[in-house]
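Q: There's a structure below that I have some questions on.
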């Protein structure tokens with residue numbers, strides 16, 4: 001019997017990433033949809049060919065004919081939905097940020113763990129071929145002892161309203177929780193835990209008008225974030241993210257650069273070129289290196305890496321990872337623990353910015 005999935009949150013992320021991922025894997029089946037927007041639900045019935053729909057997440061959490069849930073709803077709803085689905089015995093994938101703060105995220109991790117459920121944070125960039133190959137180079141020592149990590153994530157977004165995303169009580173933070181948290185996660189996957197942070201955030205856009213010119217409550221979250229971190233292994237990291245980098249639209253993919261400098265060489269991941277890396281050794285010059293074919297998909301994935309937009313299709317492998325964890329009875333990676341720890345770092349950035357000082361990161365999940 002296939003793993004029976006429900007999607008809670010029927011918006012664009014589910015349509016672009018999660019539904020194609022389910023459809024690619026014969027071990028997975030989409031059986032139900034939940035969204036409070038009834039008009040969107042009816043549209044997804046046509047788009048996805050699913051007849052079981054509901055506007056209440058509790059119906060999904062309590063449905064014995066559902067095995068696993070993908071949660072792609074606004075940030076402020078994640079905590080209550082995850083706790084309900086954990087109580088209902090559902091395996092889960094949840095979009096980032098896991099909660100509105102580290103305390104919520106750690107509680108969500110414990111709820112899944114204590115109910116013996118598979119749990120996964122949707123840190124999509126872990127699955128990019130170039131990031132997987134970069135991780136291989138780091139872990140096998142091909143770059144030597146790791147000394148520096150740096151990340152730039154620049155987007156060219158309109159300066160109009162983000163809707164719920166621009167308010168702290170609904171989103172937790174802005175660019176920091178939406179984009180930079182991905183880079184915090186994969187930096188720790190490459191370099192290990194982050195012990196301390198010095199960070200800053202800023203808001204340049206009031207975002208007090210909607211796209212059609214109607215006035216709205218101004219934003220109170222960051223649209224730029226930056227941090228310096230110290231890893232437990234002695235390496236250091238620098239991150240910067242913004243939604244206001246004019247000219248960095250790149251067909252919606254923006255600009256992304258993540259670089260590792262080791263004692264023997266350096267390597268670079270780029271979202272817009274996910275099937276290659278840049279690599280250079282001492283005394284040389286960075287050159288483009290194709291990602292070996294075995295890193296283009298995760299092991300066993302039915303996805304054809306030669307089909308589709310390379311900057312999009314690797315995201316389909318997330319569902320394959322969760323289904324594999326369920327079928328093989330092993331942890332899904334990255335789990336809620338990874339999501340909570342990344343949020344602990346992001347929380348430390350906000351605390352550092354407020355106090356104007358270095359802050360130690362809380363890793364205690366309980």
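The values are calculated or read from the model by the stated rules, or taken from the named source; none is laboratory data. As the structure is a prediction and not an experimental result, all values here were calculated from the model. Every residue, glycine as well, gets a Cβ built from its backbone with ideal geometry; the counts of neighbours run over all protein chains shown.
Q: Would segment 285-297 turn up any residue that is in a loop (DSSP other than H, G, I, E, B), out of contact with any strand residue (DSSP E or B) (no Cβ under 8 Å at 6 or more places or on another chain) and more than 21 Å from residue 129 (Cβ to Cβ)?
A: Yes, there is a match, as at least one residue in segment 285-297 is in a loop (DSSP other than H, G, I, E, B), out of contact with any strand residue (DSSP E or B) (no Cβ under 8 Å at 6 or more places or on another chain) and more than 21 Å from residue 129 (Cβ to Cβ).
Here's the yes/no breakdown for (1) farther than 27 Å from residue 248 by Cα; (2) in contact with a strand residue (DSSP E or B) (Cβ under 8 Å, 6 or more places away or on another chain):
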site	(1), (2)
274	no, no
307	no, no
313	no, no
319	yes, yes
328	yes, no
334	yes, yes
352	yes, yes
358	yes, yes
364	yes, no
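Q: Just to verify a result, which residue in segment 189-209, among those that are within 20 Å of the chain's Cα centre (by Cα) and not in a strand (DSSP E or B), is farthest from residue 348 (Cα to Cα)?
A: Restricting to residues being within 20 Å of the chain's Cα centre (by Cα) and not in a strand (DSSP E or B), the top hit is 190.
Q: Filter segment 136-158 for residues that are over 27 Å from residue 231 (Cα atoms) and either touching a strand residue (DSSP E or B) at 6+ places or on another chain (Cβ under 6 Å) or surrounded by 15 or more Cβ atoms within 10 Å (Cβ to Cβ) (or both) and give the result.
A: 156, 157
Q: To continue, here is another question. Out of everything in segment 87-108 that is over 13 Å from residue 339 (Cβ atoms) and touching a strand residue (DSSP E or B) at 6+ places or on another chain (Cβ under 7 Å), what residue ends up being surrounded by the most Cβ atoms within 10 Å (Cβ to Cβ)?
A: Among those residues, the one meeting the criterion is 90.
Q: Going by the conditions given, is residue 132 touching a strand residue (DSSP E or B) at 6+ places or on another chain (Cβ under 7 Å) and either assigned to a helix (DSSP H, G or I) or in the same structural domain as residue 293 (by TED's automatic domain parsing) (or both)?
A: no
Q: Restrict the check to segment 210-219 and report whether at least one residue is under 23 Å from the mean Cα position of the chain (by Cα), closer than 25 Å to residue 170 by Cα and modelled with pLDDT of 95 or more.
A: Taking every residue of segment 210-219 in turn, at least one turns out to be under 23 Å from the mean Cα position of the chain (by Cα), closer than 25 Å to residue 170 by Cα and modelled with pLDDT of 95 or more.
Q: Can you pull out every residue in segment 161-194 that is in contact with a strand residue (DSSP E or B) (Cβ under 9 Å, 6 or more places away or on another chain) and surrounded by fewer than 17 Cβ atoms within 10 Å (Cβ to Cβ)?
A: 192, 193
Q: Restricting to segment 106-121, what's the tally of residues that are in contact with a helix residue (DSSP H, G or I) (Cβ under 6 Å, 6 or more places away or on another chain) and in contact (Cβ under 8 Å) with a residue 60 or more places away in the chain?
A: 8
Q: Here is a check on your reading of the model: is residue 213 part of a loop (DSSP other than H, G, I, E, B) and more than 23 Å from residue 159 (Cα to Cα)?
A: For residue 213, the condition - part of a loop (DSSP other than H, G, I, E, B) and more than 23 Å from residue 159 (Cα to Cα) - is not met.
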